[in-house]
Amino acid sequence: MAVTTPTNTLIVGDNLDVLPTLAPQSVDVVYIDPPYNTGNGFAYHDRHGTGVERHRMWVDMMRPRLTAAREVMANHAAIFVSIDDNEVAYLRLLLDEVFGERNFIAQVVVNLNPKGRQLGPFFATSHEYLLVYARDAAHCRLDPTSAETVKASDFPLTTEDGRQYRHLPLRNTNKKFNPITAPTLHYPLWGDPVSGQVATARFEGAHEILPVFGDGAPAVWRWSAPRVDERPDDLVCRVVRGKLGERIDVHQRDWLHEGRRKKLPTIWLAQEVGSTDTAVAELKQILGPVFASPKPTGLIRRVLDCFADDAVVLDFFAGSGTTGHATVLANLADGGTRRAILVNSAEPTQPGSSAEVAGYATVSEVTEARLRAVDALLGGGLVVQGVPAAVGEGEQSVAR
Ligand SMILES: C[S@@+](CC[C@H](N)C(=O)[O-])C[C@H]1O[C@@H](n2cnc3c(N)ncnc32)[C@H](O)[C@@H]1O
């Protein structure tokens, strides 16, 4: 019988011991959701020092772990770190220090609590953050687009044979690009607003059209003349009404096609990625209400969607195992072969926490129980192991 690699590998141990055992540069994407230093009574320990010392102690805990994580990231990899207002400012500076400010990609706002926290004295906080850094921004293979956010209603026009599209100005609307900065893109096109035909050379019934801004200032096209010649059917000549009255212009027909993706914004809404409430419900359905602060699988799936479908994923603060669950769901959805390495320490569950009340002695028992439930329900397989011997000690490393 062929041996298949399981989707999920759970390594039980302190991530500071585990990370150096993983093969260097073997991971494509890291997602982590470390303790936020709230001092709350979650299943796990969430207070790193008190008073003025607490930020320093939290940063001292995170620094060697992020440094070790950087070593296992491939040159094209990126890291996504969930965090809230308690430590976001300190984490941003720490990530700048470990990864370099030039490798900062985004500070995404994630609307995980759409109703907002009603308990505080001021605003009802309804979001947290996802800090995104590349190991090396120049080679990063993160594709920040999604097919999920493409709306058919954004393509209101339809051809006779039923293809949907929208008009985009062929003129470059960014004022940085003009005949001085991009002289080769300032050239005349020929178009007929009756037939819609566009060409680079004069034809019967055509008007000469130069690119102009709304105020009449000279502009440039977005396409070179050879590209116009290659794709004349994707262009249309139309009469438009601007500030200065009617003029003839050229538009691109931008098609709604199979596999079309759209750039992701830096605000991720609960309707799109789920909320803490939906995450608790997901966990309850598969295992029971045993972890107070899981992330929704939709959030992790959006992260995974930015990478190839055979990505090696690492989460070294695995908690209830959401990243492993999301990885199996993503593979089922698109036939991908992603693999996830999940790490959680066997720290004792906090007395009185829902995990402890449910009979779990350690947090990693919760991680394992969820990943076993995911395997039983959806497949994918699971390997559970303790801290492997460090790479270089003659042992097989976990990732590729
Ligand atoms: C905020 S929770 C992660 C929740 C997770 N994202 C989910 O959706 O369930 C943080 C986790 O990190 C674990 N943890 C904290 N310090 C750790 C360490 N040094 N090594 C491994 N795991 C650790 C805690 O036990 C806890 O489960």
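Values quoted throughout were computed directly from the atomic coordinates according to the rules given, and no laboratory measurement underlies them. Since the model is a prediction, treat every value here as computed from it, not as a measurement. In this analysis, Cβ positions are derived from the backbone assuming ideal geometry, glycine residues included, and neighbour counts consider all displayed protein chains.
I need to check one value: relative contact order of region 152-255, counting alpha carbon pairs closer than 8 Å and at least 6 residues apart, in percent.
Relative contact order, region 152-255: 32 percent.
Where does each of HIS186, HIS207, HIS48 land when they are ranked from fewest to most other beta-carbon atoms within 10 angstrom?
HIS207, HIS186, HIS48
Would you grab the residues whose amide H sits under 5 Å from the one on THR181? Only those 5+ places off in sequence or on another chain, please, with H modelled 1.01 Å from N.
none
Rank ALA225, ALA182, LEU168 by how far each Cα sits towards the positive end of the charge dipole of region 152-255 (+1 on Lys, Arg Cβ; -1 on Asp, Glu Cβ) and give me just the farthest.
Final value for the positive-end residue is ALA182.
When a footprinting reagent is the concern and you count Cβ atoms within 10 Å, what order do ILE105, ILE341 take, fewest first?
Least to most surrounded, the residues fall as ILE105, ILE341.
Only Cα pairs under 8 Å and at least 6 apart count here; give the relative contact order of the chain as a rounded whole percent.
Reported relative contact order: 24 percent.
Using a Gaussian network model on the chain with a 10 Å cutoff between Cα atoms, which of PRO232, PRO20, PRO35 fluctuates the most?
PRO232
Among DSSP beta bridges lying fully in the chain, give the percent that are antiparallel, nearest 5.
Of the beta bridges lying entirely in the chain, close to 65 percent run antiparallel.
Under 5 Å between amide H atoms, partner at least 5 residues away or on a different chain: which partners does LEU314 have, H built in plane at 1.01 Å?
Sorted by chain and number, the residues that satisfy this are VAL29, VAL30, TYR31, ILE341.
Where does the chain land at 222 nm, in deg cm²/dmol rounded to the nearest 500, when only DSSP H runs of n ≥ 4 count, each adding -39500 (n - 2.57), divided by all residues?
-7000 deg cm²/dmol
Normalised radius of gyration for the chain, please: alpha carbon Rg relative to 2.2 N^0.38 Å, two decimal places.
Scaled against compact globular proteins, the figure is 1.22.
Give me the number: length gained by fully extending ALA308 to MET57, i.e. 0.36 nm times residue separation minus the C-alpha to C-alpha distance, one decimal in nm.
Full extension of this stretch gives 86.7 nm more.
Starting from the alpha-carbon convex hull of region 129-201, give the projected area averaged over all orientations, in nm².
9.7 nm²
Listed highest first by mean packing, meaning other Cβ atoms within 10 Å per residue, what order do 267-277, 108-118, 324-334, 235-245 come in?
Per-residue mean Cβ counts within 10 Å order the peptides as 324-334, 267-277, 108-118, 235-245.
For region 1-159, how big is the tail of P(r) above 21 Å, as a whole percent of Cα pairs?
The share of Cα pairs beyond 21 Å in region 1-159 comes to 57 percent.
Where Lys and Arg each count +1 and Asp and Glu each count -1, what net charge lies around LYS262 among other residues with Cβ under 9 Å from its Cβ?
Local charge sum for LYS262: +2.
Which whole-number percentage describes the relative contact order of region 236-289, with Cα contacts under 8 Å and a sequence gap of 6 or more?
Value for region 236-289: 19 percent.
A 25 angstrom limit on the alpha carbon distance is what I want to check against. Which of LYS175/LYS262; LYS151/LYS284; LYS175/LYS243; LYS175/LYS263; LYS115/LYS295; LYS151/LYS175 exceed it?
LYS151/LYS284; LYS151/LYS175
Would you mind working out the magnitude of the charge dipole of region 67-176 relative to its Cα centre, with +1 at each Lys and Arg C-beta and -1 at each Asp and Glu C-beta, to the nearest 20 Debye?
That gives a dipole near 460 debye.
Comparing PRO179, PRO351, PRO24, which has the greatest mean-square fluctuation in the GNM of the chain with Cα pairs linked when under 10 Å apart?
PRO179
To the nearest Å, what is the center-to-center distance of region 189-232 and region 70-115, using C-alpha atoms only?
So the separation of the two Cα centres works out to 45 Å.
Along the charge dipole of region 223-271, Cβ charges K/R +1 and D/E -1, which of GLY245, TRP255, THR266 sits furthest on the positive end?
Final value for the positive-end residue is THR266.
Evaluate the charge dipole of region 152-255 about its Cα centre and quote only its size in Debye, nearest 20, assuming +1 on the Cβ of each Lys and Arg and -1 on the Cβ of each Asp and Glu.
500 debye
Report, by chain and number, residues whose modeled amide H sits under 5 Å from the one on LEU235, excluding near sequence neighbours (fewer than 5 apart, same chain).
ARG253
Summing Lys, Arg as +1 and Asp, Glu as -1, what charge do residues with Cβ under 13 Å from the Cβ of ALA373 carry, ALA373 excluded?
-1
Using the count of nearby Cβ atoms within 10 Å as a rough guide to exposure, how do SER126, SER293 rank from fewest to most?
By the 10 Å Cβ count, ascending: SER126, SER293.
Given the options ASP215, ASP28, ASP14, state which has the largest fluctuation in a GNM of the chain using a 10 Å cut-off (strictly under) for Cα springs.
Between ASP215, ASP28, ASP14, it is ASP215 that shows the largest mean-square fluctuation.
Let me spell out the model: positive unit charges on the Cβ of Lys and Arg, negative unit charges on the Cβ of Asp and Glu, origin at the Cα centre of the chain. What dipole size does that give, in debye rounded to 20?
Around 1020 debye, computed over the chain.
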